[in-house]
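> Structure incoming, see below.
The values are calculated or read from the model by the stated rules, or taken from the named source; none is laboratory data. Quantities reported herein were computed from a predicted structural model and do not represent experimental measurements. So basically every Cβ, Gly included, is an ideal-geometry build from the backbone, and we count neighbours across all protein chains shown. Quick note on the areas: whole protein, heavy atoms, side chains included, nothing else; ligands and nucleic acids left out. Shrake-Rupley method; radii C 1.70, N 1.55, O 1.52, S 1.80 Å.
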Amino acid sequence: QVQLVESGGGLVQPGGSLRLSCAASGRIFSIYVMAWFRQAPGKQRELVARIGSAGAANYADSVKGRFTVSRDNAKNTVYLQMDSLKPEDTAVYYCNSYPSVYFTWGQGTQVTVSS
């Protein structure tokens, strides 16, 4: 059973940066498209970015130019570099496969952007 563990969140001021990590255990996930999602209080979970097995990436319009998704298949890990953070980026961030969710959702990692 694959387990996903997200980490790297925290409290950051507007304009700051964070790097999130998503480590998968239990199975090689290199064949899967992986994605980062986020869920803000009172809102539905939304897709932030996705990355194919070979590294092709796509982003939501709201984060394009500020976030960068990458992966290290040898480490079964996906990353999300977040720059120029805004208060509206505040949410719990999760990773999973895309478009079909094959793995059990992890706990997520909280990102709070506030002065």
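> Could you grab the relative contact order for the range 28-115? Cα pairs under 8 Å, six or more apart, rounded to a whole percent.
Values: 155 pairs, mean separation 25.3, N = 88.
Relative contact order comes out at 29 percent.
> Then there is this: Please give the solvent-accessible surface of Phe67 in Å², to the nearest 10, using a probe radius of 1.4 Å with every protein chain present.
About 10 Å², rounded to the nearest 10.
> Additional query: Taking θ = phi - 60°, what integer Hz values does the Karplus form 6.51 cos²θ - 1.76 cosθ + 1.60 yield along the range 37-44, in sequence order, with x for Gly and Pro?
Once θ is set to phi - 60°, the couplings for the range 37-44 become 10, 9, 9, 8, x, x, 10, 6 Hz.
> Right, something else. Given a 1.4 Å probe and every protein chain left where it sits, what share in percent of the accessible area of the range 22-115 is carbon and sulfur?
C and S atoms contribute 48 percent here.
> Here's something else I'd like to know. Starting from the 7 Å offset along Cα-to-Cβ, what nm value, one decimal, do you get for the label separation of Val33 and Trp105?
2.0 nm
> Taking θ as phi - 60°, what are the ³J(HN,Hα) couplings along the range 72-87 by the Karplus curve (6.51, -1.76, 1.60), each to the nearest whole Hz, with x for Gly and Pro?
10, 5, 5, 9, 6, 9, 10, 10, 9, 8, 10, 10, 6, 5, 10, x
> Further question: Please give the length that would be gained between Ala40 and Thr68 if that part of the chain were fully extended, namely 0.36 nm times their separation in residues minus their C-alpha to C-alpha distance (nm, one decimal).
Between Ala40 and Thr68, full extension yields 8.1 nm more.
> Each residue of the range 7-24 in order: what ³J(HN,Hα) in whole Hz does its phi give by Karplus 6.51 cos²θ - 1.76 cosθ + 1.60, θ = phi - 60°, with x for Gly and Pro?
8, x, x, x, 9, 9, 7, x, x, x, 9, 9, 10, 8, 10, 9, 9, 10
> Could you sort Ile51, Ile31 by their accessible area in this structure, using a 1.4 Å probe and putting the largest first?
Ile31, Ile51
> If you don't mind, there's one more thing I want to ask. Please give the per residue accessible area of the chain, computed with a probe of 1.4 Å over protein heavy atoms only, in Å².
53 Å²
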